[in-house]
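Each value in this text was obtained by applying a stated rule to the coordinates, not by laboratory testing. Since the structure is predicted, the reported quantities are computational estimates derived from the model, not experimental observations. Every residue, glycine among them, receives a Cβ derived from its backbone with ideal geometry; neighbour counts consider all protein chains shown.
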Ligand SMILES: Cc1cc2nc3c(=O)[nH]c(=O)nc-3n(C[C@H](O)[C@H](O)[C@H](O)COP(=O)(O)OP(=O)(O)OC[C@H]3O[C@@H](n4cnc5c(N)ncnc54)[C@H](O)[C@@H]3O)c2cc1C
């Protein structure tokens, strides 16, 4: 197993990391306070090629390896986790087109998506089905040579900002995951209305919406075969879970760096707090968790790069890295004492931003279910 990142991918991840530390980090508190969509970050990242990092060069993207994609995701999160989450939702949408789309669909959408001229969203969750998306109620029926999609999707990142929404709907009468199809819904065609953004705890600039669909979609916007969309949805989530794991690594890294710096600066009882074993052990535990999260994320990226399914590796990385990010950001806040609790420092934001990683793209409980299913099937 080799975890080596190609020179071009390393160069891009390095460029994003420098930009994230200098520009995105300076904007992150304001984005968090206002809950505004981080449009400037997204535009500037698009100019670096980041919106097409997962898209092969034949469709106008960077065509980075899975290590490169994870490296860019981690780098963005160091600056602003909300921006990384919004870009991550765009990756879910473009990954769905890559996995399920035909050549015409890829040529129509991906070059513009890679340049950031159009933004994507991924609509699977509904008000009554999150962990169990096979319970979806949204329907697609044949109408005028295309499909009419009717239903409500819930918690959709980029829902009101997106130009195209990869939408899953029930096109047959079979129960569960059978009979679900995937569609490209182009928002300019009308028929999709978004709620106000949902007020949330963290990653506040990455806005989520309830979307009401009553729209007509041409036949040419069906992704993959009719009734085979659920497989696309799950394959996309495998990739997305590695991206979420990389976000956990990014948040863990920035929080640990802050905790180390504070431990060397802050004094209590006439000593730097970093001289106390109680603090040293916290730092050691944080560093071990971060390293393990990074290794599991690298292993999942490696498994993705081999081709074939990597569902178990993605679930393990997502589970561990998201829980590690929760622990590391919490300990980093603790090491900062009262200052960590104030909004003057970013520690409390890191804690809030890390919390979602254990919920979206499959909660920690669902990752455990996925891992256990593989163990018992082996
Ligand atoms: C900020 C944010 C962004 C999001 N972005 C998107 C997006 O872009 N697109 C999209 O489609 N969705 C998105 N989601 C939805 C997200 O993926 C779901 O919220 C998540 O999958 C959990 O579903 P739920 O909220 O319906 O929880 P529920 O399914 O109602 O689960 C409630 C609790 O029960 C637990 N649980 C459920 N089933 C089991 C089980 N079998 N065993 C043990 N425990 C179980 C869960 O782990 C959870 O703790 C987003 C959500 C948020 C909050």
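Per residue of the chain, the DSSP helices (runs of n ≥ 4 H) give a summed -39500 (n - 2.57) that works out to -17500 deg cm²/dmol at 222 nm. Note on residue 43 and residue 342: their simple-model spin labels are 3.4 nm apart, each label 7 Å out from Cα toward Cβ. The base-10 log of I(q)/I(0) for the range 145-300, evaluated at q = 0.11, 0.17, 0.18 Å⁻¹, reads -0.65, -1.03, -1.10 [Debye formula, identical scatterers on Cα atoms, solvent excluded]. With a Cα-only, solvent-free Debye model of the range 122-168, what are the log10 I(q)/I(0) values at q = 0.13 Å⁻¹? Values returned for q = 0.13 Å⁻¹ are -0.31. Normalised by the number of residues in the range 121-226, the mean separation of alpha-carbon contacts (under 8 Å, six or more apart) gives a relative contact order of 31 percent. For the range 1-160, taking the reciprocal of the average inverse distance between every pair of different Cα atoms yields a Kirkwood hydrodynamic radius of 17.0 Å. In the chain, one over the average inverse separation of all distinct C-alpha pairs is 21.0 Å, which is the Kirkwood hydrodynamic radius. Where the centre of each part is set by its Cα atoms, how far does the range 99-140 sit from the range 148-194, in angstrom? The two parts, judged by their Cα centres, are 7 Å apart. The base-10 log of I(q)/I(0) for the range 85-237, evaluated at q = 0.21 Å⁻¹, reads -1.45 [Debye formula, identical scatterers on Cα atoms, solvent excluded]. Across the range 34-127, Cα-Cα pairs more than 16 Å apart make up 51 percent of the total. Stretched out straight at 0.36 nm per residue, the stretch from residue 373 to residue 107 would grow longer than its current Cα-Cα span by 92.0 nm.
Three principal axis extents describe the C-alpha atoms of the range 231-377; from largest down they are 59, 26, 25 Å. Counting neighbouring Cβ atoms within 10 Å and putting the fewest first, the residues 90, 154 line up as 154, 90.
Multiplying the residue separation of residue 219 and residue 288 by 0.36 nm and removing their Cα-Cα distance gives an extension gain of 19.7 nm. The range 345-362 and the range 226-256 have Cα centres separated by 15 Å. What the pair-distance distribution of the range 264-334 shows, using all Cα-Cα distances binned every 10 Å from zero, is 20, 36, 23, 14, 7, 1 percent. Would you mind ranking 125, 141, 167 by Cβ crowding within 10 Å, fewest neighbours first? With the fewest neighbours first, 125, 141, 167 line up as 141, 125, 167. Most tightly packed first, judged by the mean number of other beta-carbon atoms within 10 Å of their residues, the peptides 103-109, 241-247, 356-362, 171-177 read 241-247, 356-362, 103-109, 171-177.
Each pair of Cα atoms in the range 169-227 enters the Kirkwood radius, and Stokes-Einstein at 4 °C and 1.567 mPa s then converts it into a translational diffusion coefficient of 95 µm²/s. The coefficient of translational diffusion for the range 214-271, derived via Stokes-Einstein from the alpha carbon Kirkwood radius under 25 °C and 0.890 mPa s, stands at 153 µm²/s. Put simply, the convex hull of the Cα atoms in the range 91-157 casts, on average, a shadow of 5.6 nm².
Going by Cα centres, the range 8-86 and the range 262-309 are how many Å apart? Between the Cα centre of the range 8-86 and that of the range 262-309, the gap is 23 Å. If both residues of a DSSP beta bridge must be in the chain, then about 85% of such bridges are antiparallel.
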